[in-house]
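One structure is given below, encoded as structure tokens.
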Amino acid sequence: MTRRTLLAGAAAAPLLAAVPSSAAHAGATVPDQTGGYVRTRNGPGRFALAGAPVRVSDDDFPGVLRVAEDLRGDLAKVFGTEVADNQDPIIVGTIGRSPLIDRIVARGKLDVTAIRGKWETTIEQIVDNPLPGVERAFVIAGSDQRGTIYGAYDLSRNIGVSPWHFWDDVPVAHRDELYVLPGRHTQGTPAVKYRGFFINDENPATGTWAPEYFGPGKAPGYPGGLNAAYFAKVFETMLRLKANYLWPAVWGRAFAEDDPANHATATRYGVVMGTSHEAPMMRGIEEWNRHPAGTGEWSFRRNPDAIKAYWRFGAERMRDQDIEGVITLGMRGNGDVSLPDGDGIDLMSSIIDNQRAILQDTGLIGRPQVQTLYKEVQRYWDAGYRPPDDVTVVFCDDNWGNMRKLPDPSLPARSGGYGMYYHFDYVGDGRNYKWADTANLTNVWEQLHLAYTSGVDRLWVVNAGDLKNEELPTQFFLDYAWNPAAWPVSELAEWTRQYAAQNFGAALAPAIAALLEEYGHLQSRRKPELLNRRITVNPAKDVTTDPTAIVYDDKATPFSLTDYGEMDRVTGDWLALAARASRLRATVPAAWQDAFYQLVYYALKDTAVIYDLRRAEFTNIRYAAEGRAGTNALADRAEALFAEDQAMSAYYNTVLAGGKWHNWQLQPKIGYGNVARYGPNAPWQQPELNNVALPDEIYPYLQRITVPAGSSLGVALDGGGSALPAFSPWQSQSTQYIDVYNRGTTPFRYTIDSGAPWLSVTHARGTVTDQVRALVTVDWRRAPKGVRSVPITVTGAGTTVVVQAPVDNPTLKPAGFLEANGYVAIEAGHYRRKTGNWQLLPGIGKTGDGLRSVDGTGRLDYTVTLTSSGPVTVTAYLSPRNNTRPTDGLKYAVSIDGAAPQTVNVTRATGANDTTMNRQWARNTSDNINRTTTTHTVAAPGTHTLTFWAVDPTVIVQRLVVDTGGVKDSYLGPPESRRV
């Protein structure tokens, strides 16, 4: 490809709809995408890459021959120049397989002692006189096939080719010249041996898009469905990300049968194949479903001969096709459910013994094998069953990013080691989350770090959904699995910056990284699919014994519409982030606009639209109950926002990247919970919309009312009560509001009169058409000390309403966090003093940072000033972790003023049994918080010390709330109190 052709292709790239005109002119400045050992300028000893031919031996592995072609193509994309055959070459090869590499080593020109025989390790080095007639070369030498492949792709990434170039249309910045630094370069040996992902829950996105994009019409010679053309793109991306292991899509799909070339393609690329936790012996369950004749029931107790024959076929196919794979052992029910045969240890032991006998008979007993302890399968482990020692035991998260079990350090080491199955995508209770990336990177880091430091290092696999839409967390998962030491929690911001630079260049990287960090924090507060589900605890019932104590309401927002300005605050956070993204979008070069839409803008902006829609929807429902004249306007706004959401998806599906992603964005995210329309699974299963965008998919339904003629005064107060919340100079909220609204069609004049000169009202006079929001503030320089109530008189439409404004101006000397409105709220990281080794987890909390004790000892002291005395409750907001250790539960303790600490067993106190994953667990994971409460007695008003005691290192504390009688129900809890 010539430079002229490359530039013409970039200029012809389709622009986004409604992109500001300045973006079209920004392409003159190309991003700087180099990094690592590649530089833009020449210098002593550097190696020129522009025009360098790529040489590889025909005797090398097929995967190496193939990656050499990719490297040639990547170099052409960057330089747009013809290869100069007389120029110093790039030599790519595998030690012991490539005669080129072995001759260089034999001549003493390349020392490979440090990597010979290692797993997936590479050396990249400039070598003088490596071979006769070759003056100089840049040598990429791998210890094995994938080591060489990773080395070649690492060079591609260093010259500016993103691993996501296909899946997100990331272009390549043109360079006239680039140079390799002298010295020995390596990415090291991976810390986790098998690293990969599971393409799962792939309908409707992949399941609709891929058969069209890779079908016979566009990929001649391939069958429809998820064929080898599709998987080739997956395999390439895996290897560019230094992954080596794949669980292929399963729902209605059979990897080995959908395209007979699938396994051969994996072998040609050098990818290790596996099967998911519910698909033993290298056969997807769909193969059983497709061939029911004579097979009977999927039951080992009642149909063992057919089951064993089925498994034997999978083993023989693996042997005969020489498939590199990891063999799944064990058994679950058909459809990824529990076994119909019960869960006795004798049954599982018999199943695995028979599978191992088949592997022995077919000569595969030495191949890597795993048993995955998914959901109910963990019960076998908990009850004492242990698979053979060479089998890797794969521990699982709870589908929501919280590990359920980790190795008991008191047990002897297993030769098969331990693995991990994690989730960025899920179908099931409390609700599917499949639409967008909702991972909080600090949260992911903490669990991966916990697993790795607990000895889980043999195999890591993550459910990445369709892969596309989960790019950032998937890449981090794989980067961390490769080298955990490179990414301590303090370097997460730098990782995100590098990810942004990889795709958009160094100049835009800081601003894009800041957007992505805030996006991950806001998104982890609650999944978008759950914005119409409120989960509450009935205080009169025991959650540990009564399943009805937890109440699900799919017709309510979890965010408070009345208290702490919560719904406005969270929606405002999203709208502010979307505004920042829109401003940045105007500066992105034209050729990068499609990538920006896919990797940054779409999910960020559309989530803001959904929050705004939900605010309009639930405010509309509230206003309808109050008869407000503005009710119908809010219904109109909600429908307009729904249309905006649909338009963004339509743009994705028809215009983006020239129509490449036709029908990709079909995933429902709004209509959950509509049992009348979608049946009994509607509370958790995605609604089947049949690709029809209808306003009544906004559930619960919008309300429209008939507004009567005339005018009628209505008054609503901040907090939703009959009086305003108490004012205090110690509270974090400086203003409170009064809504003056009309219940008729005729506008009217109104007045608001304060009963004290130091309590003022904005918008105290005017005309109400639909409604006016007046703000009430106190001038604390003039307000008297003590407690009093100030009347505020609202007059309009022939009616007068008097509301009370309680005012509490304390006489106590303030210190630390200050009580106001009946509470003290504290972010965990704002302690006065700590003892012990605590780790700060930035941004892991729904409202701030989190803290965990590294060794389960130590304390955090907080100073608080209380205006009241007597019984108080202290609620600890904890990350919703499970008890991964061999103890009787997760524990922490709380005390006030040196009293005996009250120890809380979080698992027992909430009934959140992490083995059964019950209703309380679903509440904790849906809310992304675990709240437990202790009761204490405060002797007198004044300054006190609240202490949080570490007991278990798994506990992560996000915030503490002291309730002296005024805490209102809200999702995030009251805002943090003032601190002096």
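Within the range 582-600, the residues that satisfy the criterion of being surrounded by 23 or more Cβ atoms within 10 Å (Cβ to Cβ) and either aromatic (Phe, Trp, Tyr) or under 20 Å from Gln523 (Cα atoms) (or both) are Trp592, Phe596, Tyr597, Gln598, Leu599, Val600. Quick check, is Leu406 over 24 Å from Leu246 (Cβ atoms) and of a type in the set (A, V, I, L, M, F, W, C)? The answer is yes for Leu406. Here Pro810 qualifies as over 30 Å from Asp927 (Cβ atoms) and modelled with pLDDT of 95 or more. In the set Gly366, Gly330, Gly296, only one residue is surrounded by fewer than 16 Cβ atoms within 10 Å (Cβ to Cβ) and either closer than 23 Å to Met420 by Cα or in contact (Cβ under 8 Å) with a residue 12 or more places away in the chain (or both); that residue is Gly366. Would it be correct to say that Asp645 is under 23 Å from Lys605 (Cβ atoms), surrounded by 18 or more Cβ atoms within 10 Å (Cβ to Cβ) and acidic (Asp, Glu)? When the stated conditions are applied, Asp645 passes them.
The residues of the range 828-862 that are surrounded by fewer than 16 Cβ atoms within 10 Å (Cβ to Cβ) and either touching a His at 6+ places or on another chain (Cβ under 9 Å) or of a type in the set (A, V, I, L, M) (or both), listed by number, are Leu840, Val854. The residue that is farthest from Tyr892 (Cα to Cα), among those in the range 920-956 that are at pLDDT 95 or above and aromatic (Phe, Trp, Tyr), is Phe948. For the range 110-122, the condition holds for at least one residue, the condition being that it is buried (at least 24 other Cβ atoms within 10 Å of the Cβ), within 23 Å of Ala50 (Cα to Cα) and of a type in the set (Ser, Thr, Tyr).
Determine if the range 741-760 includes at least one residue that is within 30 Å of Thr943 (Cβ to Cβ), more than 44 Å from the chain's Cα centre (by Cα) and without any contact (Cβ under 8 Å) to a residue 24 or more places away in the chain. No, the range 741-760 contains no residue that is within 30 Å of Thr943 (Cβ to Cβ), more than 44 Å from the chain's Cα centre (by Cα) and without any contact (Cβ under 8 Å) to a residue 24 or more places away in the chain. Filtered by the rule that a residue be under 30 Å from Lys527 (Cβ atoms) and either part of a strand (DSSP E or B) or free of Cβ contacts under 8 Å to residues at least 60 places away in the same chain (or both), the range 408-434 gives Tyr418, Gly419, Met420, Tyr421, Tyr422, His423, Phe424, Tyr426, Tyr433. Condition test on Met318, is it crowded, with 17+ Cβ neighbours inside 10 Å and farther than 30 Å from Phe235 by Cβ? Against the criterion (crowded, with 17+ Cβ neighbours inside 10 Å and farther than 30 Å from Phe235 by Cβ), Met318 does not qualify. The set of residues in the range 280-293 being in contact (Cβ under 8 Å) with a residue 12 or more places away in the chain and either over 23 Å from Asp258 (Cα atoms) or loosely packed, with under 13 Cβ neighbours inside 10 Å (or both) consists of Arg290 alone. Annotation: of all residues in the range 37-64 being surrounded by fewer than 16 Cβ atoms within 10 Å (Cβ to Cβ) and under 36 Å from the mean Cα position of the chain (by Cα), the one that is modelled with the highest pLDDT is Pro62.
So which of Phe197, Phe214 ends up being among the aromatic types (Phe, Trp, Tyr) and more than 23 Å from the chain's Cα centre (by Cα)? So the residue among Phe197, Phe214 that is among the aromatic types (Phe, Trp, Tyr) and more than 23 Å from the chain's Cα centre (by Cα) is Phe214.
Table: residues versus (1) among the hydrophobic types (A, V, I, L, M, F, W, C); (2) modelled with pLDDT of 95 or more.
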site: Asp169; (1), (2): no, yes
site: Val180; (1), (2): yes, yes
site: His185; (1), (2): no, yes
site: Asn203; (1), (2): no, no
site: Ala210; (1), (2): yes, yes
site: Pro220; (1), (2): no, no
site: Phe231; (1), (2): yes, yes
site: Glu236; (1), (2): no, yes
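Selection of the range 79-103 for residues being in contact with a Ser or Thr (Cβ under 9 Å, 6 or more places away or on another chain) and hydrophobic (A, V, I, L, M, F, W, C) yields Ile91, Val92, Ile95, Leu100, Ile101. Of all the strands (runs of 3 or more DSSP E) wholly in the range 69-176, which have at least 2 residues that are of a type in the set (A, V, I, L, M), under 20 Å from Gly270 (Cα atoms) and not assigned by TED's automatic domain parsing to the domain that holds Tyr245? Answer list for the range 69-176: 90-94, 134-142. Of the listed requirements (1) modelled with pLDDT under 95; (2) over 28 Å from Arg885 (Cβ atoms); (3) buried (at least 18 other Cβ atoms within 10 Å of the Cβ), Tyr374 misses just one: (2). The strands (runs of 3 or more DSSP E) found wholly in the range 737-814 and carrying at least 2 residues that are under 24 Å from Gly630 (Cβ atoms) and in contact with a His (Cβ under 6 Å, 6 or more places away or on another chain) occupy 771-778. If the condition is being buried (at least 17 other Cβ atoms within 10 Å of the Cβ) and of a type outside the set (Ser, Thr, Tyr), then the range 815-827 contributes Gly816, Phe817, Leu818, Glu819, Ala820, Asn821, Gly822, Val824, Ala825, Ile826, Glu827. Candidates are the residues of the range 652-667 that are in contact with a Phe, Trp or Tyr (Cβ under 8 Å, 6 or more places away or on another chain) and either surrounded by fewer than 20 Cβ atoms within 10 Å (Cβ to Cβ) or not hydrophobic (A, V, I, L, M, F, W, C) (or both); the one that is nearest to Phe596 (Cα to Cα) is Tyr652. Within the range 164-189, if we keep just the residues that are touching a Leu at 6+ places or on another chain (Cβ under 7 Å) and closer than 22 Å to Gln125 by Cα, the residue that is surrounded by the fewest Cβ atoms within 10 Å (Cβ to Cβ) turns out to be Tyr179. When every residue of the range 381-388 is checked against the conditions, none turns out to be among the small types (Gly, Ala, Ser) and either buried (at least 17 other Cβ atoms within 10 Å of the Cβ) or under 30 Å from Gly673 (Cβ atoms) (or both).
The criterion of being touching a Lys or Arg at 6+ places or on another chain (Cβ under 7 Å) and closer than 27 Å to Gln475 by Cβ holds for Asn244.
Being acidic (Asp, Glu) and closer than 16 Å to Leu178 by Cβ is the filter; apply it to the range 72-109 and report the residue that is surrounded by the most Cβ atoms within 10 Å (Cβ to Cβ). Across the range 72-109, the extreme among qualifying residues is Asp74.
The values are calculated or read from the model by the stated rules, or taken from the named source; none is laboratory data. All values derive from a computational prediction rather than experimental measurement. Every residue, glycine as well, gets a Cβ built from its backbone with ideal geometry; the counts of neighbours run over all protein chains shown.
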